[in-house]
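Here's the structure we're looking at; comments come further down.
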Amino acid sequence: MVHHLRYHHQGKKGWENMDKDEEAQTFLLVWANSGYCKRKRPKLASFLLLSLVCCSLILAPLLFISSSTWVHLCKLHPLMDSFGGQNEGLAADMSVNVPPCSSVSDGKICCDRVHFRTDVCIMKGDVRTHSASSSIFLYGSRNSNRFISYVSHLVDDDNEKEHGEFQHEKIKPYTRKWETSVMDTIDELDLILMSENLGVHHHCDVNHDVPAIVFSTGGYTGNLYHEFNDGILPLYITSQHLNKKVVFVMLEYHNWWIMKYGDILSHLSEYPAIDFTGDNRTHCFPKAIVGLRIHDELTVDSSLMTGNKSIVDFRNLLDRAYWPRIRGLIQDEERDEQEKLLVSPTSVFSLETTRKVQGDHPRKPKLVILSRNGSRAITNENLLVEAAERIGFQVEILRPERTTELAKIYRALNSSDAMVGVHGAAMTHFLFMRPGSVFIQVIPLGTDWAAETYYGEPARKLGLKYIGYKILPQESSLYDIYEKNDPVLRNPRSLTKRGWEYTKKIYLGGQTVRLDLKRFQKRLIQAYDHTIRTNQDFHHHHSNCKHCF
């Protein structure tokens, strides 16, 4: 190694006098120490020395290397193309907020492990699945293999793999990387860069001409918030730029999940999803993205998206996904209505009268109450309905079940002007509301931070009018259990900061709400007034719009 480092102290003249072979070896050493070759973990002193050497080698060429030497180095391997003519716009593009590994050369595995929420690895070239060993293999090109083989002779690596293995990465493709307890339940994949020659003995059963996105539908799947936040939204973020030309490969595949989200999946991919574990065939792809990108809670950061797509664009996709089914539901209802008229002709007059009366009066704003049973239920819900109707709302009670079709829930909320619900996973349904609508979240004791972080702020980003209603201790069922000066009532934060288990046990699992309707109706009036103004502005705009349809 000393032999290859001696030019560091010779200055510009020393670099210019290197012969071609020495230039190549020096560059290869820089490349090898940049992480492309797997190596053993050095001791602290060795690590510090190696870091110093790497910095010196990287900076010295930039300061002293001649233009002719750069040209020669760029011809050594495609890896150096990023410094050559193919990326002349590199300096101009450096301000663009693109994720690491966005550009990967053929025959390479690049892993972005910087984000605290998720890891994402990209494999490009001859990619082949092998479910029996929970592996995905990449068979490198001949040029890259010769290059890596040459590096392997220069670098002392006790962990160099046998049988043509050049790089080995491990990844759990789920978006809660920081949460050890759930990540322990996620299947791990081995991503292995192999010699191209070995690919001859690893045939393809199914050839795909589009990329794969590999992810897990395990973890907290079964909870609506996590299904959207950890799965559906990251899948949109990761796949949208591919314009449906992508195959989804799933670990911990669930048929019910495919059925539940089939309408959305069909607008993200034109191809059937693959059960990685259950399908023992070798699937071959030109590229694989393993893991999903995630931005924040229930949102899309437009600055990180191709075409500046936002959470509103995601909601528009939901619109396209669910409206065909909603139209079918409407047609079914109209058919049932016609059949009833045939059975009872006398009802024709009643129906026509009802329609005439409805046409003579403006439509009342619609308020949907997301009803809960058990913990965090509103125990005086019937009085809430009466109060909302007195204010002027048309009220609909919606009780989503695990088996409730999402298109039906979407239909109810998409047609609403306001929604009321108590903090919990069901609040994820705010994604189904039209921007400009009102979202009132009842915030039980001990849930302030979660209510704002998981639903309040994301709702504002979608363009909803968000109103948080923080209950008083007297409105909580805990008021009848604990002494009035108990920290559970007077200082919930002192308990919630001790850990999630306290929040879950006391405030999420053991609390119901009885609204102070005199106090709560102020929020209802605020929502009603906002809805009336919004509808008036909408109708005024469209009545004066010559080009509106």
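The values are calculated or read from the model by the stated rules, or taken from the named source; none is laboratory data. Being a predicted model, the structure only gives us computed values, none of them experimental. Note that each Cβ is placed from the backbone with ideal geometry, even for glycine, and that neighbours are counted across all protein chains shown. Each accessible area value is taken on the protein alone, full model and side chains, heavy atoms only, with ligands, DNA and RNA left out. Shrake-Rupley method; radii C 1.70, N 1.55, O 1.52, S 1.80 Å.
Tally up the residues in segment 143-189 that are surrounded by 15 or more Cβ atoms within 10 Å (Cβ to Cβ), closer than 19 Å to V127 by Cα and modelled with pLDDT of 95 or more, please.
Number of matching residues: 6.
Among the candidates F276, F314, F285, single out the residue that is in contact with a Ser or Thr (Cβ under 6 Å, 6 or more places away or on another chain) and among the aromatic types (F, W, Y).
Every option except F276 fails the conditions.
Mind counting the residues in segment 429-451 that are part of a helix (DSSP H, G or I), buried (at least 20 other Cβ atoms within 10 Å of the Cβ) and not small (G, A, S)?
4
Restricting to segment 478-501, count the residues that are over 31 Å from the mean Cα position of the chain (by Cα), among the charged types (D, E, K, R) and not in a loop (DSSP other than H, G, I, E, B).
Within segment 478-501, residues that are over 31 Å from the mean Cα position of the chain (by Cα), among the charged types (D, E, K, R) and not in a loop (DSSP other than H, G, I, E, B) number 2.
Do we find that Y261 is touching a helix residue (DSSP H, G or I) at 6+ places or on another chain (Cβ under 8 Å) and not polar (S, T, N, Q) in this structure?
Yes; evaluated as a whole, the condition is true for this residue.
Would you tally the residues in segment 502-519 being more than 18 Å from L472 (Cβ to Cβ) and outside any helix (DSSP H, G or I)?
Within segment 502-519, residues that are more than 18 Å from L472 (Cβ to Cβ) and outside any helix (DSSP H, G or I) number 1.
When the residues of segment 393-408 are narrowed to those that are modelled with pLDDT of 95 or more and touching a helix residue (DSSP H, G or I) at 6+ places or on another chain (Cβ under 6 Å), which ends up nearest to G222 (Cα to Cα)?
A407
Count, please, the residues in segment 429-458 that happen to be of a type outside the set (D, E, K, R) and over 23 Å from S476 (Cα atoms).
Residues that pass the stated criteria total 10.
Can you tell me which residue among R363, R372 is open to solvent by 10 Å² or more (accessible area, probe 1.4 Å) and farther than 24 Å from D516 by Cβ?
One residue alone meets the criteria, R363.
Tell me which residues, restricted to segment 482-499, are touching a Leu at 6+ places or on another chain (Cβ under 9 Å) and either of a type in the set (S, T, Y) or open to solvent by 20 Å² or more (accessible area, probe 1.4 Å) (or both).
Across segment 482-499, the qualifying residues are Y482, E483, D486, P487, P492.
What's the number of the only condition in (1) touching an Asp or Glu at 6+ places or on another chain (Cβ under 9 Å); (2) open to solvent by less than 30 Å² (accessible area, probe 1.4 Å) that K245 fails to meet?
Every listed condition holds for K245 apart from (2).
Among (1) among the hydrophobic types (A, V, I, L, M, F, W, C); (2) over 24 Å from L318 (Cβ atoms); (3) touching a residue at least 60 places away in the same chain (Cβ under 8 Å); (4) out of contact with any helix residue (DSSP H, G or I) (no Cβ under 8 Å at 6 or more places or on another chain), which single condition is V249 missing?
With respect to (1) among the hydrophobic types (A, V, I, L, M, F, W, C); (2) over 24 Å from L318 (Cβ atoms); (3) touching a residue at least 60 places away in the same chain (Cβ under 8 Å); (4) out of contact with any helix residue (DSSP H, G or I) (no Cβ under 8 Å at 6 or more places or on another chain), V249 is out only on (2).
For every residue, the table says whether it meets (1) under 23 Å from D184 (Cβ atoms); (2) among the charged types (D, E, K, R); (3) open to solvent by less than 50 Å² (accessible area, probe 1.4 Å).
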| residue | (1), (2), (3) |
| --- | --- |
| N229 | yes, no, yes |
| P234 | yes, no, yes |
| M259 | no, no, no |
| I264 | no, no, yes |
| E270 | no, yes, no |
| D279 | no, yes, yes |
| V290 | yes, no, yes |
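Of all the residues that make up segment 108-132, how many are part of a loop (DSSP other than H, G, I, E, B) and surrounded by 20 or more Cβ atoms within 10 Å (Cβ to Cβ)?
The qualifying residues number 2.
Criterion first (modelled with pLDDT of 95 or more and touching a helix residue (DSSP H, G or I) at 6+ places or on another chain (Cβ under 7 Å)) does L445 satisfy it?
Spelling it out, L445 is indeed modelled with pLDDT of 95 or more and touching a helix residue (DSSP H, G or I) at 6+ places or on another chain (Cβ under 7 Å).
Do we have any residue at all in segment 376-383 that's among the acidic types (D, E) and either buried (at least 19 other Cβ atoms within 10 Å of the Cβ) or touching a helix residue (DSSP H, G or I) at 6+ places or on another chain (Cβ under 9 Å) (or both)?
The answer is no, given that none of the residues of segment 376-383 is among the acidic types (D, E) and either buried (at least 19 other Cβ atoms within 10 Å of the Cβ) or touching a helix residue (DSSP H, G or I) at 6+ places or on another chain (Cβ under 9 Å) (or both).
Across segment 472-481, what is the number of residues that are aromatic (F, W, Y) and open to solvent by 100 Å² or more (accessible area, probe 1.4 Å)?
Count: 0.
Residues to consider are Y502, Y507; find the one that is touching a helix residue (DSSP H, G or I) at 6+ places or on another chain (Cβ under 9 Å) and open to solvent by 30 Å² or more (accessible area, probe 1.4 Å).
From the options Y502, Y507, the qualifying one is Y502.
Can you list residue pairs whose Cβ atoms sit under 8 Å apart, with the first residue in segment 400-427 being at positive phi and the second being open to solvent by less than 40 Å² (accessible area, probe 1.4 Å)? Count only pairs 6 or more apart in sequence or on different chains.
G424/R376; G424/L508
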